[in-house]
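What follows is a short report on a single structure.
The values are calculated or read from the model by the stated rules, or taken from the named source; none is laboratory data. Quick caveat, the model's predicted, so the values are computed rather than measured. Cβ sites come from the backbone with ideal geometry, for glycine too, and all protein chains shown count toward neighbours.
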Amino acid sequence: MVNYVIKRSVYGLIVLLIMISFVFIVMRLVPGDVVALQLSGAGAVSEEQIAQLRSELGLDKSVWAQFLDWTKNAVTGDLGKSLWSKMPVTTLIAERITVTLQLAFMAITMAILIAIPAGIYSAMKRNTWIDHMIRVIAIGGLSIPNFWFALLLIIFLSLFFGWIPPLGYQSFFSNPIVNLQQMILPALVLALSLSASIVRMTRSSLLEVLHADFIRTIRAKGAKEKLVIMKHALRNSLIPVITLIGLQVGFLLGGTVIIESIFSLPGIGSLIFEGVTKRDYPVVQATVLVYGALFMIVNLIVDIAYGWIDPRMRPD
Amino acid sequence: MEKSTILSVDGLKTVFQTRHGYVDAINDITFTISQGETVAIVGESGSGKSVTALSIMKLLESSGQIASGQVLFNDMNLAELSDRKIRDIRGKQIAMIFQDPMSCLDPLYTIGDQIMEILKIHEDLTPAEADNRVLELLKLVGIPDGETRRNSYPHELSGGQRQRVMIAIALACRPNLLIADEPTTALDVTVQAQILGLLKQLQADFGTSIILVTHDLGVVAEMADRVIVVYSGTVVEQSGVHELFSKPEHPYTEALIRSIPRADTDRTAPLHIIRGSVPGLHEMPSGCRFHPRCDYATEICTQQEPPLFHLESDRSSRCWMKDGSLAKEFQHRLNTDNLDSRHPAPPNDAYTASKKEILLEVHNMQKHFPILKGILSRKVGAVKAVDGVSFEIFKGETLGLVGESGCGKSTTGRLILRLLDITDGEVKYGGINLAEFKGRQLKEQRKKMQIVFQDPYSSLNPRMTIGDIISEPLEIHRIASGSEKIRRAGELLEMVGLSSKDVYKFPHQFSGGQRQRIGIARALATEPELLVCDEAVSALDVSVQAQILNLLKKLQGELALSYLFISHDLNVVKYIADRICVMYLGKIVETADSETLFTNPTHPYTRALLSSVPVPDPTIKKERIILEGDVPNPAKPPSGCAFHTRCEHAKEICKSKIPEFKQMSLGHKVACHLIN
């Protein structure tokens, strides 16, 4: 097991290296230049000024040399400074990542708590009106854009209950009550759209397993339906469900920009967005690196979960 | 001695809801079973035998339900019992074991846990008591080293061991009645013999009654006291096992018994067949359900369904012939009955007349599949699927290749056709090394060698018409195209006993036996010289199997074909093959012509294999050599003679030295140290 994790981590580092070199080069290839952007407000600019700024920002060296410098520093934990605010990138990310992680964690937990029981119930009551209802709602959840639903929810709550989430982000550790009030709505909105696909996956996977031969063996033992479903069928149907959840966590880490901006949460999504538009190379590189690492970790957890569920998938 | 009846099924009818409305899966099933008795329910696929078993336990899929009739167990009608009450009976008083032990155990829990589960459901035991019971049960079903084995997962066990676990689960609460649904069908014969022996012994120890659901008449003769023969969802005959085999009353039973090839079946005569195939649930014939396939059928059979006539010595038969007043109707048919003249097939002249010219010669052929491991896919070992095999096939001859699953017989077939590349050794076709063929030459060569597969369902593309399927080889080899192609496809269909009008139909419109005929027609399209039949009749019902075997013999006579006939069924191979090779763990252990092999089997493995086959005759109680354990892992074959781990005669030399292939008499070779 330990060997397996080590092996996977080594693979992960290789993938990260490939990924980051790709981002490094592509960022410098796209049209638009951070130097030009920073000097654009200054009116007439001389060649010397441009060259000076370029060398201040360390952009006068070759791409290859820049990459080596950056990698050397990154290994020691220094991911560089923002080309605009001059703040260490690590500090910027640290401020933001907690918001995104908390949001992702709350959303996925709520999604699982809603979707898995609904999926089981839907499968057990197959082809009854309640099954049809759950499926219709799930289809709705898949097709309604979550930002639209988020806006609707804010309007509804303020109109009928006169309640709006408190403004000015507070971290969970400084003020848990305000923090939860701010986070609950975006998390719920995300959870609802995530749970739609999890419900469908749970239902179909469970139905497939319920037709397996071993389920008949368990019924022939005289087992109650609860034992059949909760102990045997559910566990056997979890593999595709977990795969899906793993993918969704990845999506949550990067794809929450719109929800973050609707609820004015300072998450990492908006950081990378600004970074790209302002050509703030160190910020983009570092956030991509963090994303990549998080993705690897989530995947590793999913793979370990496979083995935990299914003895046949345990690494030797 | 009259024993008390423990279960009586009366007029049971089960229906399934389908898109075309309700269909009867079984109709009017009636039988009883007494304490300690074994009743076999025998029938072909679709006869409703499994549905009967599941109906008793109320374990039907949600689309099925019991429409009428009763199932009396200890004066309770199980058919009307609530879900809660039937659960107390399931596993505790009536237990069930299923066909495929691969898929019948939950892959995610250890076997100990799955045995423990049933004890927890029905009995109030302390954890320590339950632990002891699990170990006791594992010991009882012959799984050694229970203390560690209980922590194994199903995928870590062999098929035979899994079936033992299933039996342990079934017997955990000492049920009065055990329903065994095809318990040994998925197992090799040597393992089947172990499991049947185990069931018999446990029955003797505990006095359990067994309902044995099976299609295998050999197993019936071996195990049953009484037999219920079902056809198309009804009981057609009910009888004691001895009477059934000595004097079957129903024409279906009679035909069924006659259509199985046995060790003493005359190889030169065609097999008795039952024409047509088992009707589907939607196309049930009027009157007697068997009449379209019955040799004796008359007017009344086509119109009215016969009742179950009760005969002497507690037998019954659902046939109008048993109605005394109709005896005259059938008289002339019985007199003129001469099955042999009606289904003629010529003996294999091609082989006997030929001067024994060698068509294919295999010398020391090997196929090792590498086992790869780690990041760089290093080779850490090899599965020696075929490990030095030599034989030859003569023109017009059928060479049988028998062995248990995993012995390398299918790989051998594929290597000969160059569907796989050989690791070492050589295959010479008409004197030329097959490995030298490349590109166009190889394509040209492929015309001469074709294959018929086991599963007639998955080996035909469901989206293609029969005409396209059969004529595809014609197009690939540019033999014919356009209307000529379709005409040729029609011809081929006629040749295998189908109609040339079938070219525009799709595979799903045919039964299993008909599909296998289509598979044969496709193989014959390029006019090959050699046909590899890889378990070509194994997936078919007995009555249809005989049709296909006769067809293969007929075609061989007409087209001078050579066959490599690969099968696990010794009696089938005995019937069709001129010579037989017996394989064990990638090696041939004995080769002989089929008469010699059966009358004078020499290698201990061949002897055990032959003795394991159940004989469809209850009067024969043959001495059985039970092989211990399972076939070893081909990645780590035992040293020396690969069979020594299971051989009762094994000596020191067998463990260290690989035995040579010794000539016993002309054409009879054996690889064993014990033979001088």
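Structure data summary
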item	result
Failed condition for B:V229, given (1) outside any strand (DSSP E or B); (2) surrounded by 23 or more Cβ atoms within 10 Å (Cβ to Cβ); (3) in contact with an Asp or Glu (Cβ under 6 Å, 6 or more places away or on another chain)	(1)
When residues of region B:78-105 are limited to those that are at the interface with chain A (Cβ under 7 Å from one of its Cβ atoms) and not hydrophobic (A, V, I, L, M, F, W, C), the one surrounded by the fewest Cβ atoms within 10 Å (Cβ to Cβ)	B:D88
In region A:199-225, residue farthest from the chain's Cα centre (by Cα) [restricted to those that are among the β-branched types (V, I, T) and more than 11 Å from A:I120 (Cα to Cα)]	A:T217
Unmet criterion (only one of (1) touching an Asp or Glu at 6+ places or on another chain (Cβ under 8 Å); (2) away from chain A (no Cβ under 14 Å); (3) polar (S, T, N, Q)) for B:T126	(1)
Filter result for the condition that a residue is touching a Leu at 6+ places or on another chain (Cβ under 9 Å) and either farther than 27 Å from B:V23 by Cβ or outside the structural domain of B:A53 (by TED's automatic domain parsing) (or both), over B:E243, B:E222	B:E222
Top-ranked residue in region A:1-20 [being over 22 Å from the mean Cα position of the chain (by Cα) and surrounded by 12 or more Cβ atoms within 10 Å (Cβ to Cβ); ranked as nearest to A:D280 (Cα to Cα)]	A:K7
Residue list for region A:254-281, filter: surrounded by 21 or more Cβ atoms within 10 Å (Cβ to Cβ) and either in a helix (DSSP H, G or I) or not assigned by TED's automatic domain parsing to the domain that holds A:A150 (or both)	A:I259, A:E260, A:I268, A:G269, A:L271, A:I272, A:G275, A:Y281
Subset of region B:595-633 (residues that are under 21 Å from B:R579 (Cβ atoms) and acidic (D, E))	B:E595
Test: residue in region B:190-209 that is surrounded by 24 or more Cβ atoms within 10 Å (Cβ to Cβ), aliphatic (A, V, I, L, M) and not in a helix (DSSP H, G or I)	no
Residues (within 14 Å of another protein chain (Cβ to nearest Cβ) and either under 20 Å from A:V302 (Cβ atoms) or touching a strand residue (DSSP E or B) at 6+ places or on another chain (Cβ under 6 Å) (or both)) located in region A:233-266	A:L234, A:R235, A:N236, A:S237, A:L238, A:I239, A:I242
Enumeration of residues in region B:108-123 that are surrounded by fewer than 17 Cβ atoms within 10 Å (Cβ to Cβ) and either more than 10 Å from every other protein chain (Cβ to nearest Cβ) or not charged (D, E, K, R) (or both)	B:E123
Region B:294-314 residues that are among the aromatic types (F, W, Y), paired with ones that are part of a loop (DSSP other than H, G, I, E, B) (beta carbon under 6 Å, 6 or more apart)	none
Residue check for B:F330: under 30 Å from B:Y252 (Cβ atoms) and either modelled with pLDDT of 70 or more or buried (at least 18 other Cβ atoms within 10 Å of the Cβ) (or both)	yes
Pairs, first within 20 Å of B:P370 (Cα to Cα) in region B:415-438, second among the hydroxyl-bearing types (S, T, Y) and in a helix (DSSP H, G or I), C-beta under 9 Å, six or more apart	B:L420/B:T411
Out of B:T602, B:T606, sole residue that is part of a helix (DSSP H, G or I) and either out of contact with any Ser or Thr (no Cβ under 7 Å at 6 or more places or on another chain) or over 22 Å from B:T411 (Cα atoms) (or both)	B:T606
Inter-residue pairs, beta-carbon under 7 Å, first within 11 Å of chain A (Cβ to nearest Cβ) and in region B:55-67, second outside any helix (DSSP H, G or I) and among the basic types (K, R), 6+ apart	B:M57/B:R90
Count of residues meeting criterion [buried (at least 21 other Cβ atoms within 10 Å of the Cβ) and in a helix (DSSP H, G or I)] in region B:141-158	1
Residue list for region A:140-189, restricted to those being β-branched (V, I, T), exposed (fewer than 14 other Cβ atoms within 10 Å of the Cβ) and out of contact with any helix residue (DSSP H, G or I) (no Cβ under 8 Å at 6 or more places or on another chain)	A:I155, A:I177
Verdict on B:L72 being at the interface with chain A (Cβ under 8 Å from one of its Cβ atoms) and at pLDDT 90 or above	no
Whichever residue in region A:100-127 is more than 13 Å from A:R203 (Cβ to Cβ) and polar (S, T, N, Q) and, among such residues, is nearest to the chain's Cα centre (by Cα)	A:T100
Residue within region A:200-214 that is away from every other protein chain (no Cβ under 14 Å) and either among the aromatic types (F, W, Y) or more than 30 Å from B:F98 (Cβ to Cβ) (or both) present	yes
Output for region B:538-574, where each listed residue is in contact with a Leu (Cβ under 6 Å, 6 or more places away or on another chain) and part of a loop (DSSP other than H, G, I, E, B)	B:L561
Verdict on A:M230 being exposed (fewer than 14 other Cβ atoms within 10 Å of the Cβ), within 14 Å of another protein chain (Cβ to nearest Cβ), assigned to a helix (DSSP H, G or I) and out of contact with any strand residue (DSSP E or B) (no Cβ under 7 Å at 6 or more places or on another chain)	yes
